[in-house]
Each structure stands twice: as C-alpha cells, then as structure tokens.
Amino acid sequence: MSDTGTIPPETTLLLKGGQAFTPGTDWHDPPRVDIAIAGDRIAGVAADYRIDGRQAVEVIDARDHLILPGFVNAHYHSHDVLAKGTLEEVPLESWRLYALPPQYPPRSSEEFYARTLLGALECLRSGMTTIQDMLTLYPYEDRHMDAVMAAYEKIGIRVVFALQYADRKGIETIPFWKDTFPQELHPLLSTAAEPERKLDLIGHFETTRLKAAQRPRVSWALGPSAPERCSLTLMQRTIELARRYDIPVYTHIYESRGMALQARLTLPEYSGLLIRRLAEEGVLDPRLNFAHSVWLSPEEIDLLVEHGAGVVLNPQGNLKMKCGIPPIRMLQDSGVRVGLGCDNCSCSDAQNMFVAMKLFALLAAVSDPTPGPPQAIAALRAATEGGADGARLGHALGRIATGFKADLTLIDLKDPSWSPMNSAARQLVHIEAGRGVRHVIVDGKMVVRDRQLTTVDETTIYDAVKAVMPEFRRDFATISARVAKLQPWLDRAHQQIMTAELDIERLPFRS
Ligand SMILES: [Zn+2]
C-alpha cells in the first residue's frame with residue numbers, strides 16, 4: 001500500500017478515510033485508508049489520495065466506518081425464502097418434507113421472481129455481496145430459471161449459481177424409514193430434489209450455463225444434493241463437468257446423525273465412510289465444497305485435506321434442525337478450507353452472516369472445550385476469503401486489494417456496538433448484528449446506500465411478496481397437514497436414529 005499519491009486516473013468512486021480489513025494488517029485495529037474504485041475493480045489502496053480537480057469521482061466519506069470485503073454466503077437456497085419463520089425446531093429428516101415436499105405444487109414465475117429478490121435483498125442488507133444459491137428448481141422450466149436470473153440481474157448481487165439435483169429417492173437414503181413407514185406412505189416421503197425422470201444434467205448445465213455466462217455477476221456451480229442421494233454415475237458426470245469447466249461443486253454431507261449412520265450402515269466396503277467412498281471412486285476433488293460436515297470423522301477430515309476439498313459450515317441451521325455441532329477446532333487444526341453459510345430460510349431463518357460468525361466463534365469452544373486459538377479473525381476469514389476460495393473466485397473476491405472486485409461493505413461505527421472500539425474484529429463478530437451495515441458495494445456500484453437498496457424500490461419487493469403469499473400459504477398449509485399425518489412414524493424413526501450405535505460422537509450428543 002502506498003502512503004499517498006494521486007488517485008488512479010480511471011477512478012470512479014473513492015472511499016475516503018475508512019478503517020479497512022486489508023490483508024496483512026492488524027484486524028483488531030485496521031488502518032485508515034482511501035480505496036479507489038475504477039469500474040468494477042479496486043484500483044488502489046493508499047493512506048491518502050489526492051484528487052485531481054478534473055476527475056469526475058464520487059467521494060464517500062468513510063471516516064467512522066469499517067470497510068470489509070463483502071461477505072460470501074457460501075451456502076444458501078432461494079427456494080424457501082417465503083417459508084422463513086414457519087417452523088420451530090424440527091429434526092432434519094422431517095424438515096425436508098416441509099422445505100422440499102414431494103409433488104411440489106407448481107409455482108408461478110411471479111413467485112420465483114419475488115422470492116429471489118426478497119432473499120437477495122436480505123443478504124445485501126446484511127452485508128453479503130456474493131451468495132451461493134443452490135436452487136431446487138423442480139420440475140425444471142426455462143421461464144422459472146429466467147425469472148430467477150432476471151431478479152439477480154436487477155438487484156445487483158453476485159451469485160454463484162447451482163441447480164440442486166439427485167437421482168435416488170430420499171426414503172432409500174435415510175436409516176429406518178423404509179421399515180418404519182407403511183408401504184402406502186412411501187410416495188409421500190421423497191423430496192423435490194429427487195427427480196422422477198432422468199435428469200439430463202449435461203443438457204441443463206450447458207444450456208443454462210450459456211445463459212448464465214451472458215449475465216454479469218453470475219457464475220456457475222454444480223449442486224448434487226448429497227453423495228448418498230446420487231448414483232456413482234451422476235457424481236462422476238458432475239466431477240467430469242466441474243473439471244472440464246473448472247467450476248465449484250456444492251453438496252450436503254453429514255448434516256445430521258442420521259446421515260452419518262446411513263453411511264455406516266450401507267458402506268461396509270469403505271468402513272462406513274462416505275468421504276472414503278468418494279476418494280476411492282476418484283471424485284474427491286478440490287472443487288468440492290461439503291456443506292455442514294457436522295459428523296465427519298478424523299480420517300475423513302484428513303482425506304479432505306489430502307484432496308484439497310473444503311467445507312461450508314452453517315451453524316444456525318444445524319442447531320435448529322437438531323443436527324449437532326461441527327468439529328470446528330478439528331477442522332481448523334487440519335487446515336481444511338472453511339466457508340460459512342446461512343442455508344435455507346426455513347431452517348436458519350436469518351440470512352445474517354453476523355449471526356453465523358458469532359455462532360462459529362462460540363461453537364468452536366464447544367466443539368473442543370480445551371483452550372484454543374482466538375476465533376474472531378478465523379470467523380471473519382471464513383465469511384469472506386473462505387467462501388471466495390471455495391467458489392474458485394479467491395483471486396477476485398473476499399479480499400480488499402488492488403485488482404480485486406470492488407465488493408465491499410461499510411459498517412457505520414456511530415453506534416453503541418462500537419463505542420468504545422477495542423477490537424474491530426471481535427466487535428464485528430461478537431457485538432455487531434447487522435444494524436451497522438450502511439453501504440454495500442457490488443462490482444463497484446453502490447447497491448445499498450444509506451441502508452436503502454438503490455437498484456430496486458424495496459417497497460415493490462414487499463408488495464410483490466404480498467401478492468404471491470396467499471397461494472404460498474395455502475400450499476404450505478396443505479404440505480404441513482400432510483407431514484402432520486406422518487408424525488407418529490417420523491418420531492419413531494427419529495428416535496431410532498438418535499439411539500442407534502454410532503462409532504463417532506459429536507457434542508452436544510456426547511453423554
Ligand atoms: Zn443446504
């Protein structure tokens with residue numbers, strides 16, 4: 001970083017005098033800097049830039065602000081944005097029947113558009129500049145895909161987009177379900193991520209990817225729902241495509257005790273370890289990101305490190321879905337890549353990275369109660385660099401440095417959370433809850449200015465949501481009534497999952 005100088009000639013926006021988390025500086029007391037933005041990139045960072053009077057530069061007074069790289073929400077699903085606040089704590093296996101019901105009633109394009117905008121709005125207003133949307137779009141229709149893409153383009157957030165898919169039915173992949181539920185109820189137990197028809201993955205990917213490639217701020221990823229829900233052929237095709245296009249893959253693994261138990265029961269040839277199965281099948285790859293990873297064994301963590309794969313932790317949803325606490329300290333000690341996400345709106349409810357970071361930092365202590373390293377900076381890094389690296393965009397996102405994308409969040413420090421400021425990193429993780437997010441810049445544009453979205457009138461988003469809610473509420477009530485009828489069997493199966501012997505323990509389940 002230069003001390004002073006003339007502003008780069010192509011500068012369009014100058015953030016003046018904010019405290020910025022630039023790489024290599026003290027994140028407890030970040031230096032005051034000027035950040036010059038030219039178009040969609042950071043053109044330079046200096047202690048004090050002089051502006052040539054002839055330049056047309058917008059200057060933002062960033063004194064009394066903290067400037068951080070925009071958060072990367074590395075695991076998110078826009079398909080149940082409208083279901084926020086609908087459920088109390090529910091075991092994961094039961095929750096899937098609410099969030100991704102079978103025979104998913106057809107949705108309107110208006111609903112797709114409204115919910116995508118609403119989810120993105122919440123993310124932007126809490127300082128996220130990139131989201132990884134792993135969308136269940138089933139049955140697939142071009143007009144729905146177009147509505148989603150149009151919403152993202154309009155609102156101006158950056159998206160790493162993946163369709164979620166699988167080719168095995170849920171009932172075949174959850175322990176005890178097949179034997180517990182009467183045969184006639186089985187058709188009610190699959191979820192929308194498991195298509196009835198043979199998914200033409202390559203066809204979908206290549207046509208939709210071409211569309212996505214023409215859109216700014218959209219990059220493509222692949223989203224096999226979970227390895228146990230995908231045949232070997234499907235996983236192989238996924239990894240083959242990921243390698244051919246060098247794009248990331250997002251999948252769910254070991255979110256619940258039941259998912260780990262399923263691996264132990266069905267994979268004796270791999271010592272019951274799903275990650276070992278993937279390694280031996282040749283599909284464990286640096287492009288893979290494993291959402292949740294709550295029930296990984298130490299041997300599997302070593303395999304992730306060996307193959308360069310990463311994890312994305314979602315502490316809010318893990319607690320609400322009764323899944324447990326990931327082995328955060330063990331993951332950190334291993335050096336595996338860690339990102340942070342806020343997952344579904346019906347299981348995490350809040351798309352809020354401040355909550356995710358705070359839980360990450362606090363649960364690290366619970367995952368291993370012996371004294372360990374400080375966690376605030378680790379949480380911040382996971383919420384920014386970790387997510388960017390997992391998306392294979394670490395060369396352009398997640399850091400404040402010359403040449404990187406101008407994706408930045410400014411936190412207003414004139415707030416009780418910040419008085420006195422003893423540590424920027426600790427107060428951001430342990431005190432700030434999102435109230436301070438004042439400006440959000442994506443691709444060099446002020447997408448949120450003074451806490452207001454600039455790209456879309458926020459009122460029109462709330463109105464559009466209101467308009468589609470009667471239909472959504474009616475369908476959700478039908479789905480809820482259907483799940484309620486299954487409750488006695490769901491409870492029995494859950495009880496079996498929680499009491500069956502498993503050769504690995506995770507807090508808070510340790511006795
Ligand atoms: Zn998820």
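The values are calculated or read from the model by the stated rules, or taken from the named source; none is laboratory data. Computed from a predicted model, the values in this text were never measured in an experiment. Every residue, glycine among them, receives a Cβ derived from its backbone with ideal geometry; neighbour counts consider all protein chains shown. Just so you know, the surface numbers come from the protein's heavy atoms only, side chains and all, with ligands and any DNA or RNA stripped out. Shrake-Rupley method; radii C 1.70, N 1.55, O 1.52, S 1.80 Å.
Checking C323 against (1) at pLDDT 95 or above; (2) touching a Leu at 6+ places or on another chain (Cβ under 7 Å): exactly one of these is not met. Which one?
Result: C323 passes all but (1).
Out of (1) touching a helix residue (DSSP H, G or I) at 6+ places or on another chain (Cβ under 9 Å); (2) in contact (Cβ under 8 Å) with a residue 40 or more places away in the chain; (3) under 30 Å from F71 (Cα atoms); (4) open to solvent by 20 Å² or more (accessible area, probe 1.4 Å), what's the single condition that is false for I461?
(4)
Filter the stretch 380-397 for residues that are under 14 Å from the mean Cα position of the chain (by Cα) and either among the small types (G, A, S) or within 18 Å of L428 (Cβ to Cβ) (or both) and give the result.
Initial filter on the stretch 380-397 (under 14 Å from the mean Cα position of the chain (by Cα)): 382-391.
Listed by number, the residues that qualify are A382, A383, T384, E385, G386, G387, A388, G390, A391.
When the residues of the stretch 294-327 are filtered to those that are within 16 Å of the ligand (Cβ to nearest atom) and in a helix (DSSP H, G or I), which remaining residue is surrounded by the most Cβ atoms within 10 Å (Cβ to Cβ)?
P315
Would you check if there is a residue in the stretch 425-436 being part of a helix (DSSP H, G or I) and in contact with a His (Cβ under 8 Å, 6 or more places away or on another chain)?
Step one: of the stretch 425-436, the residues part of a helix (DSSP H, G or I) are 425-430.
When the remaining residues are screened for being in contact with a His (Cβ under 8 Å, 6 or more places away or on another chain), the result is 425-426.
Yes; the residues of the stretch 425-436 include at least one that is part of a helix (DSSP H, G or I) and in contact with a His (Cβ under 8 Å, 6 or more places away or on another chain).
Do you know which residues across the stretch 328-372 are of a type in the set (G, A, S), surrounded by fewer than 22 Cβ atoms within 10 Å (Cβ to Cβ) and either within 16 Å of the ligand (Cβ to nearest atom) or not in a helix (DSSP H, G or I) (or both)? Spell out the reasoning first.
Within the stretch 328-372, the first condition is being of a type in the set (G, A, S), and the residues that meet it are 334-335, 339, 341, 346, 348, 350, 356, 361, 364-365, 367, 372.
Then keep just the ones that are surrounded by fewer than 22 Cβ atoms within 10 Å (Cβ to Cβ); that gives 334-335, 350, 365, 367, 372.
Matches in the stretch 328-372: G335, A350, G372.
Only one of these conditions is not met by Y49: (1) within 16 Å of the ligand (Cβ to nearest atom); (2) of a type in the set (F, W, Y); (3) over 25 Å from V465 (Cβ atoms). Which number is it?
Going through (1) within 16 Å of the ligand (Cβ to nearest atom); (2) of a type in the set (F, W, Y); (3) over 25 Å from V465 (Cβ atoms) one by one, Y49 breaks only (1).
Check off (1) open to solvent by 10 Å² or more (accessible area, probe 1.4 Å); (2) without any contact (Cβ under 8 Å) to a residue 60 or more places away in the chain for I7 and give me the number that stays unchecked.
Every listed condition holds for I7 apart from (1).
State all residues of the stretch 404-424 that are surrounded by 16 or more Cβ atoms within 10 Å (Cβ to Cβ) and either among the hydroxyl-bearing types (S, T, Y) or part of a strand (DSSP E or B) (or both); if no residue qualifies, say none. Working first, answer last.
From the stretch 404-424, those surrounded by 16 or more Cβ atoms within 10 Å (Cβ to Cβ) are 404-413, 417-418, 423-424; that's our starting set.
Hits for the stretch 404-424 are K405, L408, T409, L410, I411, D412, S417, S423.
Read through the list (1) open to solvent by 10 Å² or more (accessible area, probe 1.4 Å); (2) of a type outside the set (F, W, Y); (3) in contact with a Cys (Cβ under 8 Å, 6 or more places away or on another chain); (4) at pLDDT below 95, then give the number of the only condition that L82 fails.
Failing condition for L82: (4).
Which residues, counting only those in the stretch 125-140, are away from the ligand (no atom under 12 Å from the Cβ) and over 13 Å from A391 (Cα atoms)?
Of the residues in the stretch 125-140, the ones away from the ligand (no atom under 12 Å from the Cβ) are 125-131, 137-140.
Within the stretch 125-140, R125, S126, G127, M128, T129, L137, Y138, P139, Y140 meet the criteria.
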